[in-house]
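First comes the structure, then the notes that go with it.
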């Protein structure tokens with residue numbers, strides 16, 4: 001079973017931008033991990049080069065109220081660049097930033113099965129991977145015994 005869901009994320013939902021690098025902007029030192037406050041002379045802040053760096057399955061627990069359903073917590077790490085501009089459009093500075101969005105969903109798993117899955121998708125990666133142009137393989141298998149219905 002597949003699940004597809006799209007979310008429109010705003011700064012209020014994903015929280016403040018945090019520095020992905022240590023940098024000095026307009027004489028203010030910003031250390032990696034610090035919340036980024038725009039310089040006082042910035043009239044606009046733009047975001048570009050947005051991508052998902054990592055998707056982490058943070059928690060997976062059986063739903064206590066629905067048999068066969070699971071409560072899943074996924075954390076998405078976004079990386080992007082912030083550009084600060086003056087009122088005339090002149091660039092003040094840029095900084096790489098990141099934000100983490102946590103999503104909780106309930107999905108149907110099953111009520112019990114003996115299905116085996118195998119994949120080469122992660123190739124040793126622990127949390128997530130980046131898909132290249134080569135295909136990944138996902139094998140789903142289940143053994144069934146079929147009793148002969150012929151008269152003996």
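The values are calculated or read from the model by the stated rules, or taken from the named source; none is laboratory data. Nothing here was measured: the structure is a model prediction, and the numbers come from that model. All Cβ positions, glycine included, derive from the backbone under ideal geometry; neighbour counts span all protein chains shown.
Would you mention how many residues in the range 98-119 are surrounded by 11 or more Cβ atoms within 10 Å (Cβ to Cβ) and in a strand (DSSP E or B)?
11
Exactly one of (1) part of a loop (DSSP other than H, G, I, E, B); (2) within 15 Å of the chain's Cα centre (by Cα); (3) modelled with pLDDT of 85 or more is unmet by residue 129. Its number?
(3)
Output yes when any residue across the range 81-93 is closer than 27 Å to residue 26 by Cβ and touching a helix residue (DSSP H, G or I) at 6+ places or on another chain (Cβ under 9 Å), and no when none is. Before the answer, list the steps.
Within the range 81-93, the first condition is being closer than 27 Å to residue 26 by Cβ, and the residues that meet it are 81-93.
Now restrict to residues that are touching a helix residue (DSSP H, G or I) at 6+ places or on another chain (Cβ under 9 Å): none.
Looking for residues that are closer than 27 Å to residue 26 by Cβ and touching a helix residue (DSSP H, G or I) at 6+ places or on another chain (Cβ under 9 Å), one finds none in the range 81-93, hence no.
Taking the condition of being part of a loop (DSSP other than H, G, I, E, B) and out of contact with any helix residue (DSSP H, G or I) (no Cβ under 9 Å at 6 or more places or on another chain), how many residues in the range 1-13 meet it? Reasoning before the result, please.
Initially, the range 1-13 is screened for residues part of a loop (DSSP other than H, G, I, E, B), giving 1-10.
Filter once more, keeping what is out of contact with any helix residue (DSSP H, G or I) (no Cβ under 9 Å at 6 or more places or on another chain): 1-6, 8-10.
Summing the residues that are part of a loop (DSSP other than H, G, I, E, B) and out of contact with any helix residue (DSSP H, G or I) (no Cβ under 9 Å at 6 or more places or on another chain) in the range 1-13 gives 9.
Do you know which residues across the range 79-111 are in contact (Cβ under 8 Å) with a residue 40 or more places away in the chain and closer than 22 Å to residue 66 by Cα?
If the condition is that a residue be in contact (Cβ under 8 Å) with a residue 40 or more places away in the chain and closer than 22 Å to residue 66 by Cα, then 103, 105, 106, 107, 108, 109, 110, 111 are the ones that fit.
Residues that are in contact (Cβ under 8 Å) with a residue 12 or more places away in the chain and within 23 Å of the chain's Cα centre (by Cα): which strands (runs of 3 or more DSSP E) entirely in the range 14-73 hold 1 or more of them? I'd like the intermediate steps shown before the answer.
Numbers: elements: 23-25, 28-30, 44-62.
By residue number, 44-62.
Can you work out which of the residues in the range 74-97 that are in contact with a strand residue (DSSP E or B) (Cβ under 9 Å, 6 or more places away or on another chain) and not in a strand (DSSP E or B) is surrounded by the most Cβ atoms within 10 Å (Cβ to Cβ)? Working first, answer last.
Narrowing the range 74-97 to residues in contact with a strand residue (DSSP E or B) (Cβ under 9 Å, 6 or more places away or on another chain): 74-87, 89, 91-97.
Within this subset, residues satisfying the condition of being not in a strand (DSSP E or B) are 86-87, 89.
Values: 86: 13, 87: 9, 89: 8.
So the residue we want is 86.
Can you tell me how many residues in the range 56-73 are within 30 Å of residue 20 (Cα to Cα) and exposed (fewer than 15 other Cβ atoms within 10 Å of the Cβ)? Break it down stepwise before answering.
Initially, the range 56-73 is screened for residues within 30 Å of residue 20 (Cα to Cα), giving 56-60, 72-73.
From what's left, exposed (fewer than 15 other Cβ atoms within 10 Å of the Cβ): 57-60, 73.
Final tally of qualifying residues: 5.
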